[in-house]
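The values are calculated or read from the model by the stated rules, or taken from the named source; none is laboratory data. From a predicted model like this one, the values you see are computed outputs, not experimental measurements. So basically every Cβ, Gly included, is an ideal-geometry build from the backbone, and we count neighbours across all protein chains shown.
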Amino acid sequence: MPTTQHRVVIVGGGFAGLVAAQTLKRANADITLIDRRNFHLFQPLLYQVATGSLSPAEIAAPLRAVLSRQKNVEVLLGEAVDLDPLAKYIGLRDGGRFSYDSLIVATGSKTSYFGNDQWRDMAPSLKTIEEATAIRHKLLYAFERAERATSEAEARDWLTFIIVGAGATGLELAGALAEIARETLKHDFRHIRPQESRIILLEGAPRVLSAYPEDLSAKAEQLVAKLGVEVHKGTMVTGIDSNGVDYTQGNETKRMNAKNVLWTGGVIATSFGRMAAQRTNAETDRSGKIKVNPDLTVPDFPDIFITGDLAHVLNEDGSQVPGVAQPAIQEGHYAAKVILARLQGKPAPPPFRYFNKGDLAVIGRAAAVANIFGFHVSGLPAWLIWLFIHLMYIVQFQSRILVFIQWGFLYLTFSRGARLITGASSDDSLVGTPPGSAPHNH
């Protein structure tokens with residue numbers, strides 16, 4: 001439909017894209033939000049889907065529903081694959097083309113296997129709903145296979161879980177998995193003792209949570225070790241197959257057998273992000289993030305804003321703004337404010353500055369670490385802060401209530417209501433295991 005209104009196209013409905021659209025609520029502009037999914041995903045709680053605490057719908061909100069009352073926004077389902085910064089349009093995989101006057105790119109990031117993409121099948125990552133349910137399948141299925149194992153060694157391999165990467169996601173996964181094995185499932189099986197599972201964290205850096213202050217990093221390691229998780233630092237993974245992991249530690253090359261490997265390593269830019277960098281001749285960092293101007297625009301293209309995980313933004317001290325939810329929210333809000341100022345003929349806002357409200361990582365039941373405005377908190381107080389903040393940032397009110405109830409039951413009973421093995425898997429075969437032949441490992 002032809003229009004003389006200013007056209008804002010937002011690619012991506014994550015934290016940055018959604019907040020940008022909402023900030024432009026009163027703008028005299030036509031806004032088109034395009035995402036390849038029809039929902040906004042609350043990524044910080046994906047690990048709770050992967051470990052059976054929450055169902056996918058409890059951490060996802062349909063974008064159309066969230067923005068239904070905002071009359072100047074249309075939401076479209078489609079995957080952006082092309083960008084012409086001179087003709088000012090983006091192209092979708094299905095052939096659709098959308099012109100823009102202002103473009104906000106908020107496509108996020110994807111998991112990096114550091115050039116070893118062949119590991120992806122053996123060691124799934126945690127970035128999407130599909131990956132979370134695949135991990136849930138993998139974890140719960142491992143206990144089922146162990147229950148019907150024909151030898152102690154086979155059962156032990158199925159009950160060994162290796163998590164590569166000890167950032168916040170790795171620690172959260174390890175802590176939740178330890179609680180599942182030690183508490184949730186401890187009475188559910190007859191031939192195995194889930195509480196004897198080995199949960200191993202492998203980290204290349206000299207400490208866990210390397211982005212956090214050293215005292216909180218040490219406290220986090222202490223909390224996760226208390227749950228029975230083994231932490232190996234200074235460890236570089238060199239190979240992953242269906243039976244375990246090869247790694248180097250110091251000058252030694254080692255092997256660890258495990259049927260379950262999960263990847264929570266680094267991230268790289270999405271394919272659309274990389275293509276946008278090429279089309280605009282923008283400089284990128286090693287992970288493909290686009291180096292932006294102080295107003296989050298691409299150099300030489302003042303109508304293109306890069307936000308969220310895709311933006312390489314520096315703090316005043318020269319450190320890089322982290323790729324987590326809080327900066328993405330602030331960047332989406334800022335980009336929209338710049339567009340609003342332009343539309344209203346007002347001076348541009350001052351350069352973007354990330355206001356760091358703090359960092360939070362939950363390790364387990366009543367155990368977390370938090371750096372809030374420079375105050376370092378751990379244990380139960382940090383856990384309560386984590387609960388409150390995560391509930392507040394869930395987009396839909398009914399989801400907040402449902403998640404709060406689920407967390408209440410989990411805290412009181414250790415019960416995880418979403419322990420469903422769904423979807424097909426290539427290793428879903430117990431053929432050849434005679435019934436009743438599993439060893440008793442009591």
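Filtering segment 400-442 to residues that are buried (at least 16 other Cβ atoms within 10 Å of the Cβ) and at pLDDT 50 or above leaves Arg400, Leu402, Val403, Gln406, Trp407, Leu410, Arg416, Ala418, Arg419, Ile421. Residues of segment 22-45 that are out of contact with any Phe, Trp or Tyr (no Cβ under 9 Å at 6 or more places or on another chain), more than 16 Å from Gln396 (Cα to Cα) and among the aliphatic types (A, V, I, L, M): Leu24, Ala27, Ala29, Ile31, Leu33.
The number of residues in segment 147-193 that are among the small types (Gly, Ala, Ser) and not in a loop (DSSP other than H, G, I, E, B) comes to 9.
Lys291 - would you say it is closer than 28 Å to Thr169 by Cβ, of a type in the set (D, E, K, R) and modelled with pLDDT under 95? Taking the combined requirement at face value, the residue does not satisfy it. In segment 313-423, counting only helices (runs of 4 or more DSSP H) that sit wholly within it, the ones holding 3 or more residues that are aliphatic (A, V, I, L, M), under 30 Å from His187 (Cα atoms) and more than 21 Å from the chain's Cα centre (by Cα) span 397-413.
Sub-6 Å Cβ pairs linking a first residue in segment 66-78 that is closer than 11 Å to Ile10 by Cβ to a second residue that is β-branched (Val, Ile, Thr) and surrounded by fewer than 14 Cβ atoms within 10 Å (Cβ to Cβ), at least 6 apart or interchain, number zero. Mind checking which residues of segment 252-297 are closer than 22 Å to Ala335 by Cα, over 22 Å from the mean Cα position of the chain (by Cα) and assigned to a loop (DSSP other than H, G, I, E, B)? If the condition is that a residue be closer than 22 Å to Ala335 by Cα, over 22 Å from the mean Cα position of the chain (by Cα) and assigned to a loop (DSSP other than H, G, I, E, B), then Thr280, Asn281, Ala282, Glu283, Val292, Asn293, Pro294, Asp295, Leu296 are the ones that fit.
Once segment 216-251 is narrowed to residues that are polar (S, T, N, Q) and not in a helix (DSSP H, G or I), the residue that is surrounded by the most Cβ atoms within 10 Å (Cβ to Cβ) is Thr235.
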